[in-house]
Amino acid sequence: MFRNLALAALFLPLAAMPLAASASDSQDGIRLESAWSRASAGAARNGAAYLTVHNEGDKADRLVSGSSPVAETVELHTHIKDGEVMRMRPVEAIEVPTGGSVTLKPGGDHVMLIGLRAPLKEGETFPLTLVFENGGSRDVEVTVKSVGARGDHSHGSHHKH
């Protein structure tokens, strides 16, 4: 019996490690919600993902990169006004203020999906990993909405930490 107790005492801390790691992952305060994308139009090879990033932590953070199995490349982009024309441009990072949030949306900051491996189809979902300068990696499930979707978040979006 003593041997069983000794073994339990030895392995109990190892069993608790995933729980501790999970709890510490949420301590930095980054939370993702309402991730969505538009269905591909025709033979479009690019798409975009939109979502809201909340920073409930005690220091500012920056979204610095992303990846997804649905695209060859994932970049962070914004729209800028160039004379009378709006142009999309890549950005190095997207700032997420302390105690605040940033909404990535059409016509503004967004996650660009370049070289789609297959068309995005309405009703499907796909995984997206976002990397933060301080908060590490976060996975989110992106819901594909209609080609003309404008960001109404009332239709089921999924998120996880």
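The values are calculated or read from the model by the stated rules, or taken from the named source; none is laboratory data. Given the structure is predicted, the values throughout are model-derived calculations rather than measurements. Cβ coordinates were reconstructed from backbone atoms using ideal geometry, including for glycine residues, and neighbour counts include every protein chain displayed.
Selection of segment 108-141 for residues being aliphatic (A, V, I, L, M) and in contact with a His (Cβ under 8 Å, 6 or more places away or on another chain) yields Val111, Met112, Val140.
In segment 44-60, of all residues being in contact with an Asp or Glu (Cβ under 6 Å, 6 or more places away or on another chain) and modelled with pLDDT of 95 or more, the one that is nearest to Lys121 (Cα to Cα) corresponds to Thr52.
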